[in-house]
Structure formats: C-alpha cells, structure tokens
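Worksheet: one structure, shown below.
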Amino acid sequence: MIKIIKYVMADILRNKIIIAYTIFLLVIGMSVFNLEDNTTKGLLSLLNIVLIVVPLVCIIFSTIYVYNSAEFVELLVSQPLQRKHIWLSLFCGIALALVLAFFIGIGLPVLLYSFSATGIILVAVGLMLTVIFVAIAMLAAVKTRDKAKGIGIAVLLWLYFSLLFDGLILFILFQFSDYPLENFMLFLSTLNPVDIGRIFILLKMDVSALMGYTGAIFQNFFGTLPGMITATIVMLLWMVLPLYFSLRIFNRKDL
Amino acid sequence: MIIATNVTKKFGRLTVLNNVSVNCNKGECIALIGPNGSGKTTLVKSILGMVVPDSGFITFNGQNILHNWAYREHIGYMPQIGRYPENMTIGHVIAMMKDIRKSNHNGPLDEELIEQFDIPNMLNKRMRTLSGGTTQRVSAALAFLFNPDVLILDEPTAGLDPVASELLKEKIIKEKQKGKLILITSHILSELDDLVTQVIYMQDGNLLFHKSLEHLQNDTGEKKLSRVIASVMRNQS
C-alpha cells in the first residue's frame, strides 16, 4: 500500500498545481501577519481563507485528480492488489499532499507569528477540513461515471457547505424564532464541518459575546472539554463516513 | 483451473452475460469467439475481478475469486485497449509493475518480449505520446513479464504490425507448450489456426458451445477454423 501512495504522491508533486497552491497559501499567510500588528486580526483574516478557499481547492482538485487517475486505477485493479488498498492509497496520497501544502502554506506562518491556542486550533481545523473535503470528493467522484457531472456535483457540494447551509440555518432561525432553538442549532451545526470549524475558532477568539444568546449556548457546549471532544469526533466522522461509503461503492464498481 | 458457474451480469437493462458457465483447464489454449457485443470482454473482466457479476461465481484453482485478490498474481492480462497513466513513461510503468508485483513474485522475469519489441529503446517515451500499436506492445510485454500460469489476451493482435504480431504469436505458442492456460479473444480467425485447442462461442451474452477444435473439425468436416465457425453458424441459423 505504501508503494502505491508513493506513486500517487510522486505524480501529484510533478503536477504543478499543488506547488502553486502551497505558494499561494504561503504568500497570503505571510502577508496577513506582516500587514497587521495585531495577530488576532491576522488570524481572523486567515479564518476566511481556511473556511472558504481550502475546501474549494481540496474538493475540486481531488475530484479532478480521481477522474484523471482512472487509467492508473484500471491498471492496478488487474494486478494482485486489493481494491481497498488501491482506493485508500489514492485517498492517502491526495490527502497527504494537500495536508502538506496547507501545513507549509498556513501552518508555518501561524506557528511563527501567532503561536497561541487560537492559532493552533485554526491550523488543526484547516487540516481537518482538508481531509474531510478530500473524502467528500472521493465519494462524489466514485458515484458518477461522467466527469463533468462529477465535478459539477463537487462544486455544488462546496456551495452547499460554504453558503447554502448558512442560508438554510438563517431561514429556520427566522421562521421559528418564537421557539427555543438553541439546542437544535447545536445539532444543526454538526451537519456542516465548515460550521463546526468556524464555531470552534470564533469561540477560541473570545468573540462569542457577539453572537448573543446562541453564542452563549455554543460557549457552554463547545467551551467545555466534553463539548470539544464531541465536536472533534463529529469532524472525524466527517472524514471517515464519506471515505467508507466511497470505498463500498468502489469495491463493487465495474471498471 | 478457472471455473465459472452461472455467471450473469447486467448493465442496466442490457444482459451482457446470461448464465454463462465455463471450465478452463491447464494446458489448454482457448479461443473466445463471438460477434461484437457478445460479452467476451465482460467475461474476461469478470475472471479478472474488474467486473463483479450480479449472480453466479467464478473460482480460480478452487477458490472463489470474490473478495480475493492474491490469485491475480497467476494471471497475465493484456487488455483490448491498454489504458495507462498518461504522464508516466514506458520505463516508469514497467518499473512500477515490477515494484508492485515484487512482493508476491519470486521467479525470473520473462523479458523476452520486451527485448523483441524493441521496448528498451523507447523507455523515455510518455504513454500519451504512444501510438495504438506501441501501447499494445507494452501491454503484451507486461502480460508476459511475470511468467504467469494463465494468460488472458483480449484482441492481442489488433493494432500490431505484421512483424510484432508474428513475434507475439510465436511467444504464445512457446508459452502454450510450457503447459500454461491461454485464453484469447479475437476476430481474426485465421490467426488462431495454429494456436487454439478449444473454442468457446458466445452470442448475445449466451455461451453457445464450448468444444475442442478436433471435435468441431470432425463435426463439420472442415479444416480451417474460419470455415469451421462459418459452417457452425450456418447450421445454427
């Protein structure tokens, strides 16, 4: 399995996009901290990059990459290799490359300029989101044979997680504003990894007071150790479940 | 060696394989013949585990191949249309295959075809720049490389020039004499004449017959395989 990961990684690194992505993140990470004296402000700017750009790049790049490795997968499937290993190696190769890119691009500047609990959580959330969106991309790519359709689904999924979901939540909040929805909100936010990440970071920045009563509920839940552990488990589920379902489909797929 | 029992496969509403049962043994050289779209390639891919049958099962040396993968180390497969990672060079692909199969292959490698096909001089060419014929040469060389007990060749001579095609044919005869099981699908019946011992004829996903060549020759009174098949088809319609 390690051999296949090696070949996937080598192929991705030869592909210049991942290097461009690393440099792009590094430039932003460095400039944000050099423009602002206040590192918290810098972190806040980076927050948007982490929550919007990272999922977008991860899901699009992974989907296209999986489609482009169709030949590679086909070649390996006729060899004495387990399908499970081929698929997981592909996942590990892509995830590892993107994690590495994020860590160099955002992780290093944050750790250099703002080595604090907030900074570390920002990097951790970014790394988790990277892996989550690679897993979601694998599921989108294995489900549809048509490349254009698969990439379209990936873009729609990103739109849903980054924009539509918040709209839906606001809609529900206004429609049912007469009812006590705080705990329900807590549950709803676990349906979107991007939201969990955002709440996680905002709470650490101590700006939860700005979010009113809901903010207090979130603080009460996510601020405690059990709450943090639950949120981390939910994030881990967001990595494992899409990957598990994609693996099940791949195992029975005709090539 | 390979036994397929009641294998059925549907792609949507289309039945590609309908209750196909075959029994292939060591030392046989089997020609898989049938019109386009009769399910030959699907049968071959089912044996390789690339296509998962809807019902029925296939055993290799007595073991069910479902969820099994180790058996594929005994198979050399040459696909009809070889598809390879486009960015890799021929050298990379061959090195990668050697690397991947190293752990479960411990015997000498058979590089005869690589030499005969002049592949060492093209190691730096990228796969996407190759012509169809050159890709077929690489596919053929890879199929024979690990000295497998079973060779599955899907349209091996399609796209090869006469010289390469002749070299490949000689190689197949040589391997057949070593007692290997060889499965060939082809449309060019004249090429199969001095190779095959058995014939499987498929039509619309059904296996019409599986007989030895001698048997067929006696039945029809013809010598050449192409005439034998023509005569069989005439009698059936």
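Only the coordinates and a few stated rules stand behind these numbers; no lab work does. As the structure is a prediction and not an experimental result, all values here were calculated from the model. Here Cβ is always computed from backbone atoms with ideal geometry, including for glycine, and neighbour counts include all displayed protein chains.
Kindly identify segment A:1-86 as rounded, prolate or oblate by the Cα gyration tensor criterion: order the square roots of the eigenvalues as a ≥ b ≥ c, call it rounded if a/c is under 1.5, otherwise compare a/b with b/c, prolate if a/b is larger, else oblate.
Here segment A:1-86 falls in the prolate category.
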As straight-line cross-link partners of residue B:9, the qualifying lysines (C-alpha separation under 17 Å, not fewer than 8 residues apart within one chain) are A:253, B:40, B:45
For chain A, whose charge dipole is built from +1 on Lys and Arg Cβ atoms and -1 on Asp and Glu Cβ atoms, the candidate among A:222, A:72, A:152 with its Cα farthest towards the positive end is A:72
How crowded by other chains is B:77-84, given as the mean number of beta carbons from other chains within 10 Å of each beta carbon? 3
Taking only the alpha-carbon atoms of segment B:2-236, what semi-axes of the equivalent ellipsoid follow from 5 times the gyration tensor eigenvalues under a square root, in whole Å, largest first? 29, 21, 17
Likely footprinting exposure, A:155, A:77, B:20, fewest C-beta neighbours within 10 Å first: A:155, A:77, B:20
Rounded to whole Hz and in sequence order, give me ³J(HN,Hα) for segment A:86-97 from the Karplus expression 6.51 cos²θ - 1.76 cosθ + 1.60, θ = phi - 60°, writing x for Gly and Pro. 4, 5, 5, 5, 4, 4, 4, x, 5, 4, 4, 5
Taking trypsin sites (Lys or Arg not before Pro) as candidate sites, keep only those in a DSSP loop with at most 16 other Cβ atoms within 10 Å, then name the longest stretch of chain A containing none of them. A:1-144
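May I have the convex hull volume per residue, in Å³, for the Cα set of the protein assembly as shown? Please list the in-between numbers first.
Working: hull volume 85.2 nm³, N = 492.
Taking only Cα atoms, the protein assembly as shown has a hull volume of 173 Å³ per residue.
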With x for Gly and Pro, the residue-by-residue ³J(HN,Hα) of segment A:34-45, computed from phi through the Karplus equation 6.51 cos²θ - 1.76 cosθ + 1.60 at θ = phi - 60° and given in whole Hz, is 7, 7, 9, 7, 7, 5, 5, 4, x, 4, 4, 5
Would you list the P(r) distribution for segment B:63-158, with all Cα-Cα distances sorted into 5 Å bins from 0 and each bin expressed as a whole %? 2, 13, 23, 25, 20, 10, 4, 2, 0
Normalising by the residue count of chain A, find the relative contact order in percent from Cα pairs under 8 Å and 6+ residues apart. 26
Enter the mean number of other protein chain beta carbons within 10 Å of the beta carbon of each residue in B:100-110, as an integer. 2
Kindly flag which residue pairs out of B:10/B:211; B:178/B:224; A:6/A:41 have an alpha-carbon separation exceeding 30 Å in this structure. A:6/A:41
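In terms of the ratio Rg/(2.2 N^0.38 Å) built on C-alpha atoms, what value belongs to segment B:5-121?
Working: Rg = 16.8 Å, N = 117, 2.2 N^0.38 = 13.4 Å.
That works out to 1.25 for segment B:5-121.
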